[in-house]
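Values in this text are rule-based calculations from the coordinates and carry no lab data. Given the structure is predicted, the values throughout are model-derived calculations rather than measurements. A quick note on method: Cβ atoms are made from the backbone with ideal geometry, for glycine too, and the neighbour counts reach across all protein chains shown.
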Amino acid sequence: MKKFLGIGGGLLVVVAVAVFFLYSSLGTIITSAVEKFGSEITQTQVTLKNADISATDGKGTLRGFRMTNPANFKTDSSVEFDEISMTLDIKTITEDIIVVKDITIASPMITYEHSSNGSNIDVIKKNVDSYLGTSPSSKKSGNDKSSDSGKKLIIEKLSILNGKANVSAAILQGKSMSVDLPNIVLKDIGKSKGGATPGEVASKVIDTLQKNINGSVKHLNLDQVKEAVGAVVSGAKDMLEKGTSGTKDMLENSKDLVENNPVGDAVKGLFGN
């Protein structure tokens, strides 16, 4: 009997040590998971400086999130933010479905780089769809990871607040314009289907971000910016070719086009005015 009690006591000690290690290492585990799954799902490089999670109440902070851009884009990053605050249902941390009570991302900085083939955000969304097997190309190849086994998530509330997008494009000549993004609040992600995979959560968030960013950037009307910039550059070229003759008229015409354009302020900003 004493032998069995000794074995049982030893097992309890092992279990206690394992549980202690799990809860004391939550920050490291979450940091590794964010970087691993984030990079795989978006096909970019995702880094997180650190994460601190309380083993008693599940409250925590993730710091220093950065996602690079897909290949062939000139700007360095697509998404950056300093902190995420979150609250886990700590009782579910060892379950197949982890419940996250709240995630708040404050003041994220999004870089929207526009090219002839679409934006960096559009490409990231396509990468996520490809990972999940929801894009036409991935369906043909049979690449479907939407039903991957492993941990799933239910996120009761996810908020993205006070975000900004820096808009970059070739027509902006290396400069950028900043636009405010509407606040985003998503509720009960994965709840109706018994949990969502990390890829499904990423798809939901990026899809919402994509729509909000595209809507905000649309008001800038980059085509009009391109037309106005082109007119100013063309006018300058004509001035050089024709010398001083007609210079005053050309300057006035270019000025009127820029100032009367709905995006005149943006164009003037490109030239430091």
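Overview of results
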item: Count of segment 184-194 residues which are in contact (Cβ under 8 Å) with a residue 12 or more places away in the chain and either among the small types (Gly, Ala, Ser) or in contact with a helix residue (DSSP H, G or I) (Cβ under 9 Å, 6 or more places away or on another chain) (or both); result: 5
item: Subset of segment 81-121 (residues that are charged (D, E, K, R), in contact (Cβ under 8 Å) with a residue 40 or more places away in the chain and either assigned to a strand (DSSP E or B) or crowded, with 17+ Cβ neighbours inside 10 Å (or both)); result: 101, 102, 113
item: Scan of segment 32-61 for residues that are under 26 Å from residue 131 (Cα atoms), outside any strand (DSSP E or B) and touching a helix residue (DSSP H, G or I) at 6+ places or on another chain (Cβ under 8 Å), ordered by number; result: 33, 37, 38, 40, 41, 42, 43, 44, 45
item: Segment 32-79, residues that are of a type in the set (A, V, I, L, M) and without any contact (Cβ under 8 Å) to a residue 24 or more places away in the chain; result: 46, 48, 71
item: Those residues of segment 45-82 which are within 17 Å of residue 157 (Cβ to Cβ) and within 19 Å of the chain's Cα centre (by Cα), in sequence order; result: 61, 62
